[in-house]
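The values are calculated or read from the model by the stated rules, or taken from the named source; none is laboratory data. Bear in mind that the values here come from a model prediction, so they are computed numbers and not experimental data. Heads up, the Cβs are rebuilt from the backbone with ideal geometry, glycines too, and the neighbour counts pull from every protein chain shown. All accessible areas refer to the heavy atoms of the entire protein, side chains included, with ligands and DNA or RNA removed. Shrake-Rupley method; radii C 1.70, N 1.55, O 1.52, S 1.80 Å.
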2 protein chains.
Amino acid sequence: MEQYIIALAQKAKEAAPVMALQTTGKKNTALQTMANALRAQKDEIIAANEKDMEAGRTKGLSKALLDRLLLNNERIEAMAQGLESLIQLADPIGETIAMWRQPNGLEIGKKRVPFGVIAMIYEARPNVTVDAAGLALKTGNALILKGGSEAFESNKCLAHILQKAVETCGLPSTAIQLVETTDREAVSILLKQRQYIDVVIPRGGAGLIQFVVNHSAVPAIETGTGNCHVYIDKYGEIPMGVNIVFNAKTQRPAVCNALETLLVHKDIAAEFLPALAEKLREKPVELRGCQRTCAILKEAVPATEEDWSTEYLDLIMAVKIVDSLDEAMAHIAKYGSGHSEAIITENYTRAKKFMDGVDAAAVYVNASTRFTDGNEFGFGAEIGISTQKLHARGPMGLEALTSEKYVIYGTGQVRS
Amino acid sequence: MEQYIIALAQKAKEAAPVMALQTTGKKNTALQTMANALRAQKDEIIAANEKDMEAGRTKGLSKALLDRLLLNNERIEAMAQGLESLIQLADPIGETIAMWRQPNGLEIGKKRVPFGVIAMIYEARPNVTVDAAGLALKTGNALILKGGSEAFESNKCLAHILQKAVETCGLPSTAIQLVETTDREAVSILLKQRQYIDVVIPRGGAGLIQFVVNHSAVPAIETGTGNCHVYIDKYGEIPMGVNIVFNAKTQRPAVCNALETLLVHKDIAAEFLPALAEKLREKPVELRGCQRTCAILKEAVPATEEDWSTEYLDLIMAVKIVDSLDEAMAHIAKYGSGHSEAIITENYTRAKKFMDGVDAAAVYVNASTRFTDGNEFGFGAEIGISTQKLHARGPMGLEALTSEKYVIYGTGQVRS
């Protein structure tokens with residue numbers, strides 16, 4: 001097992017410099033070839049996926065998990081279109097971000113280059129296999145994929161199709177490699193290969209992500225957990241607040257940028273909360289409130305301390321009435337996960353204080369937290385949402401998969 | 001011990017948001033106050049340092065190590081001037097790097113913010129205590145310092161002086177904290193505090209750096225190791241090559257950007273190597289050559305496989321004759337540490353191939369590798385040289401100590 005993983009990582013490291021020097025034209029041709037191959041071999045993909053689905057049903061996977069696992073014509077077409085959409089995006093590689101001349105005549109430039117080798121560790125969704133392969137290829141990186149055991153057959157089929165496609169374009173097939181084992185030890189071994197792998201990105205549940213960030217010798221980017229807040233300030237517009245809270249909580253509750261805890265200023269709570277509760281009945285949303293909230297809303301059940309730190313990912317919302325903007329900000333600092341936080345207010349000074357003082361990847365005034373997303377931000381693609389502060393923070397597009405190097409042009413300079 | 005470290009990390013986390021909101025003016029006043037305090041209390045510093053020196057002599061520390069440890073009037077003045085030089089530098093915090101409008105009217109900005117809490121783990125040099133404190137303060141970060149046991153008394157004295165100085169400026173004294181124990185376990189505990197510490201930067205020998213990057217749950221930035229090469233191409237100018245190699249190898253051999261292995265194209269070796277050897281006799285430099293090198297230079301001793309991967313940090317140089325530019329690049333890819341690599345050539349195509357194809361933090365044409373340095377690059381300050389690809393690569397100035405956040409200005413937008 002260890003030798004298999006090391007050999008695989010070495011092959012990726014060898015493919016990396018070849019991928020780094022490919023032109024944008026060549027990479028775009030490969031993306032189109034990959035998309036065409038998925039379409040041409042969709043029956044094979046569906047057959048492989050059926051094996052995973054069958055095993056999943058036998059294992060008693062939940063309906064939601066089985067749905068994530070499922071591949072059908074529609075979803076395969078969506079994966080192919082995802083690859084094609086990358087063709088339109090500007091290639092970040094080779095860009096000289098800055099260049100300047102030093103007093104001794106040295107010209108120093110900062111140039112965007114690929115990372116080299118990226119490892120992606122993920123769970124049930126087989127579409128991550130294709131998404132990650134496309135993003136890594138467009139940015140000139142070699143990719144190592146380690147998917148969840150539930151999607152093993154689907155991932156293997158997809159990876160082989162993509163490998164063959166890049167190979168027919170004259171690129172190394174080792175530019176995209178899947179760790180073909182369901183042995184859980186594989187992840188631990190992978191996380192030790194710092195000399196071959198430049199960055200590891202985990203995508204999935206909190207358990208997987210915490211395991212990776214806590215055990216990896218390879219630099220990791222933490223993604224995912226979102227305990228997001230909306231704060232209705234005493235100067236907030238009530239209809240706008242109701243609309244934004246409804247959207248942030250109910251439009252897609254199972255995702256990381258959905259609202260989890262609502263904070264309401266005490267001076268507006270008696271008017272705001274009943275208006276909101278009426279709107280929320282459309283879904284309906286279970287409300288877990290502080291004492292003062294429960295006094296206003298009969299349908300709210302008492303919240304416990306645990307509710308403030310829970311990412312429900314469901315139609316449940318914690319609600320707390322606060323005495324001040326400061327209390328709202330302190331609550332967010334204490335319980336928030338640094339993902340997306342919003343204030344609803346018409347007051348300039350209070351909006352500025354919130355925007356400056358709240359420490360999160362995305363801070364909003366008068367908008368829904370649901371916009372924290374690579375496509376909504378205009379990046380055209382997304383490999384995940386970083387909740388750490390090193391390297392990338394917030395939605396990660398193509399640029400997040402690049403590094404830089406300094407290029408220095410001299411005329412014989414030596415240091416004195 | 002564990003409780004002490006956790007409490008210290010929590011205090012840093014509490015100080016971070018206070019530091020993040022300080023104006024540039026306030027931070028500059030604190031830097032000046034810190035510099036003044038060092039000058040005013042230099043006798044105290046020297047007395048504390050004398051205790052470390054005494055203990056070091058008893059322990060039998062090497063001369064070189066004792067010299068690194070030593071503080072005197074001159075060195076204290078240099079530390080104070082280092083703090084003052086930061087006052088002149090532009091404050092990166094608060095800069096909006098980019099801002100754009102989405103089709104739905106949302107205005108999305110990317111803003112530079114402090115990391116929050118930085119931990120610095122370092123070895124013998126007490127000046128790192130002051131340098132790191134200045135850089136962290138200028139960038140609005142809270143700092144945790146863990147210095148080497150040899151410098152324990154000096155670091156404690158310096159940290160207390162700096163803490164008092166920031167406190168008199170109305171800033172939290174917990175913005176700068178030293179881990180006041182020589183217990184080695186402290187580092188391991190510190191590296192687990194991911195919930196309080198945003199980034200850890202190790203500075204010191206390879207052993208310390210490897211321990212930190214391999215064991216840290218906190219995101220780490222790898223710094224330091226430099227197995228740097230100069231390649232003399234067959235189209236290189238001989239006097240320029242001799243001058244650059246002499247500089248890169250001998251001007252300060254103990255630093256990470258010094259040259260360690262010289263690669264020479266076979267067609268120029270018979271002319272270049274004797275000219276170089278004559279110049280190197282000025283120092284003199286011990287040469288460890290491949291077979292062909294030893295045939296040309298009688299003074300060269302045979303190199304072993306180990307020499308190609310050794311960072312001598314001394315007046316020793318490995319020399320290898322290569323058949324082609326490709327062989328030189330393959331050698332660098334195999335043995336290099338991704339720090340600084342140079343080609344000496346007059347040929348445009350070969351220069352471009354080297355610059356594009358060599359994967360290192362800094363790649364040079366016709367200049368000495370010794371320029372890989374924050375001051376030489378014009379950054380005005382440096383916290384270390386990153387040899388990893390995540391977040392920062394190459395010399396790290398003030399910007400490397402910052403993160404970003406997205407600020408989104410809406411008018412009631414919800415996602416559809």
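Lys and Arg at +1, Asp and Glu at -1: add these up for the other residues within a Cβ distance under 15 Å of A:Lys138 and post the number.
Working: positive: A:Lys26, A:Lys27, A:Arg112; negative: A:Glu84, A:Asp91, A:Glu95, A:Asp131, A:Glu382, A:Glu399.
The answer is -3.
Counting only DSSP beta bridges with both residues in the protein assembly as shown, tell me the antiparallel percent, nearest 5. Spell out each step's value before the answer.
Numbers: 34 of 120 bridges.
Looking only at bridges with both residues in the protein assembly as shown, the antiparallel portion is about 30 percent.
What relative contact order, as a whole-number percentage, does segment B:209-287 give when Cα pairs under 8 Å and 6 or more residues apart are counted?
Values: 72 pairs, mean separation 26.0, N = 79.
After rounding, I find 33 percent.
Can you give me the orientation-averaged projected area of the convex hull built on the Cα atoms of chain A, in nm²? Please list the in-between numbers first.
Numbers: hull surface 97.7 nm².
So the Cα hull casts an average projection of 24.4 nm².
For the protein assembly as shown, what is the convex hull (Cα atoms) projected area averaged across all directions, in square nanometres? Can you show the working numbers first?
Working: hull surface 143.7 nm².
So the mean shadow area of the Cα hull is 35.9 nm².
If the only charges are +1 at each Lys and Arg Cβ and -1 at each Asp and Glu Cβ, what is the size of the charge dipole of segment A:176-246 around the Cα centre, to the nearest 20 debye? Spell out each step's value before the answer.
Values: 5 positive and 7 negative charges, 23 e Å.
Dipole magnitude for segment A:176-246 comes out near 120 debye.
Using only Cα atoms, figure out Rg for segment A:266-416 and give it as a multiple of 2.2 N^0.38 Å.
Numbers: Rg = 21.1 Å, N = 151, 2.2 N^0.38 = 14.8 Å.
Compared with the compact-globule rule of thumb, segment A:266-416 sits at 1.43.
Using amide H atoms built in the peptide plane, which far-off residues or other-chain residues are under 5 Å from A:Thr223 H to H?
Sorted by chain and number, the residues that satisfy this are A:Thr387.
Would you mind telling me the share, in percent, of accessible area of segment B:200-250 contributed by carbon and sulfur at probe 1.4 angstrom? Walk me through the numbers before you get to the answer.
Values: 770 of 1380 Å².
Within segment B:200-250, the accessible surface is 56 percent carbon and sulfur.
Output, in nm with one decimal and in ascending order, the distances from the B:Gly109 label point to the matching label points of the other copies (7 Å from Cα along Cα-to-Cβ).
The projected label point of B:Gly109 is separated from its counterparts by 3.2 nm.
With a cut-off of at most 11 other beta carbons within 10 Å, and DSSP calling the residue loop, which trypsin sites (Lys or Arg not before Pro) in segment A:281-326 qualify? Please list them.
Values: sites: A:Arg281, A:Arg288, A:Arg292, A:Lys298, A:Lys320; in loops: A:Arg281, A:Lys298.
Here the sparse-neighbourhood loop sites are A:Arg281, A:Lys298.
Considering only protein heavy atoms and a 1.4 Å probe, what is the carbon-and-sulfur percentage of the accessible area of segment B:336-402?
It is 43 percent, rounded to a whole number.
Please average, across the residues of B:353-363, the number of beta carbons from any other chain that are within 10 Å of each residue's own beta carbon, and give a whole number. Can you show the working numbers first?
On the way: counts 1, 0, 6, 6, 3, 3, 9, 2, 4, 5, 6.
If you average over the peptide's residues, the count of other-chain Cβ atoms is 4.
For B:Asp373, what accessible area in Å² do you get when you roll a 1.4 Å probe over the heavy atoms of the protein chains, rounding to the nearest 10?
30
List the aspartates and glutamates whose Cα sits under 15 Å from the Cα of B:Lys156, skipping any in the same chain fewer than 8 residues away.
Of all the aspartates and glutamates, those that pass the test against B:Lys156 - Cα under 15 Å, at least 8 places apart if same chain - are B:Asp43, B:Glu44, B:Glu50, B:Asp52, B:Glu123, B:Asp131, B:Glu180, B:Asp183.
May I ask you to give the percent of accessible area on segment B:1-102 that is carbon plus sulfur, with a probe radius of 1.4 Å?
Numbers: 3000 of 5660 Å².
Percent of accessible area from carbon and sulfur atoms in segment B:1-102: 53.
Put +1 on the Cβ of each Lys and Arg and -1 on the Cβ of each Asp and Glu in segment A:187-341; which of A:Val255, A:Leu191, A:Leu297 then has its Cα farthest toward the positive end of the dipole?
Selected residue: A:Leu191.
Whole number in Å², please: accessible area per residue of segment B:102-187, 1.4 Å probe, ligands, DNA and RNA not counted.
Value for segment B:102-187: 28 Å² per residue.
At a cut-off of 30 Å², which residues of segment A:393-416 become less accessible once all protein chains are present than in their chain alone, using a 1.4 Å probe?
Going by heavy-atom accessible area, the residues of segment A:393-416 that drop by at least 30 Å² are A:Arg393, A:Ser403, A:Glu404, A:Lys405, A:Tyr406, A:Ile408, A:Tyr409, A:Gly410, A:Gly412, A:Gln413, A:Val414, A:Arg415.
Mind listing the long-range amide H neighbours of B:Glu95? Cut-off is under 5 Å, sequence gap 5 or more, other chains count too, H placed in the peptide plane at 1.01 Å from N.
Under 5 Å from the amide H of B:Glu95: B:Arg112.
Can you list residues whose amide H is under 5 Å from B:Tyr231's amide H, if they're 5+ apart or on another chain and H is modeled 1.01 Å from N?
Sorted by chain and number, the residues that satisfy this are B:Leu263, B:Ala342, B:Ile343, B:Ile344.
What whole-number value in cubic angstrom gives the convex hull volume per residue for the C-alpha atoms of segment A:155-248? Display every interim value, and only then the final one.
Details: hull volume 17.7 nm³, N = 94.
Value for segment A:155-248: 189 Å³ per residue.
Using the Kirkwood formula on the Cα atoms of segment B:31-113, what hydrodynamic radius do you get, in angstrom to one decimal? Intermediate results must be reported in sequence, preceding the final value.
Working: mean 1/r = 0.0605 Å⁻¹.
This gives a value of 16.5 Å.
Can you work out which chain B residue has the shortest Cβ-to-axis distance for the rotation that carries B onto A, and give it in Å?
Nearest Cβ to that rotation axis, in whole Å: B:His391, 2.
Would you mind checking A:Lys234/B:Lys13; B:Lys42/B:Lys164; B:Lys63/B:Lys279; A:Lys13/A:Lys51; A:Lys249/A:Lys353 for any pair whose Cα atoms are more than 26 angstrom apart? Could you put the intermediate results ahead of the total?
On the way: A:Lys234/B:Lys13 29 Å; B:Lys42/B:Lys164 15 Å; B:Lys63/B:Lys279 29 Å; A:Lys13/A:Lys51 32 Å; A:Lys249/A:Lys353 24 Å.
Too far apart for the 26 Å limit: A:Lys234/B:Lys13; B:Lys63/B:Lys279; A:Lys13/A:Lys51.
From the Cα trace of segment A:1-154, what convex hull volume per residue do you get, rounded to a whole Å³? Display every interim value, and only then the final one.
Details: hull volume 22.3 nm³, N = 154.
Hull volume normalised by residue count: 145 Å³.
Which value in deg cm²/dmol, rounded to the nearest 500, describes the helix-derived mean residue ellipticity at 222 nm for chain B, given -39,500 (n - 2.57) per DSSP H run of n ≥ 4 and division by the residue count? Don't skip to the answer; put the middle values down first.
Values: 14 runs with 177 residues, N = 416.
Helix-only estimate at 222 nm: -13500 deg cm²/dmol.
In whole Hz and in residue order, list the ³J(HN,Hα) couplings for segment A:283-292 that follow from phi through the Karplus curve 6.51 cos²θ - 1.76 cosθ + 1.60, θ = phi - 60°; x for Gly and Pro.
Rounded to whole hertz, the list is 8, x, 10, 6, 10, 10, x, 6, 4, 5.
Enter the buried accessible area of the B/A pair, total of both sides, probe 1.4 Å, in Å² rounded to the nearest 100. Write out the running numbers ahead of the final one.
Values: alone 18960 and 18980 Å², together 32240 Å².
Adding both sides of the contact gives about 5700 Å².
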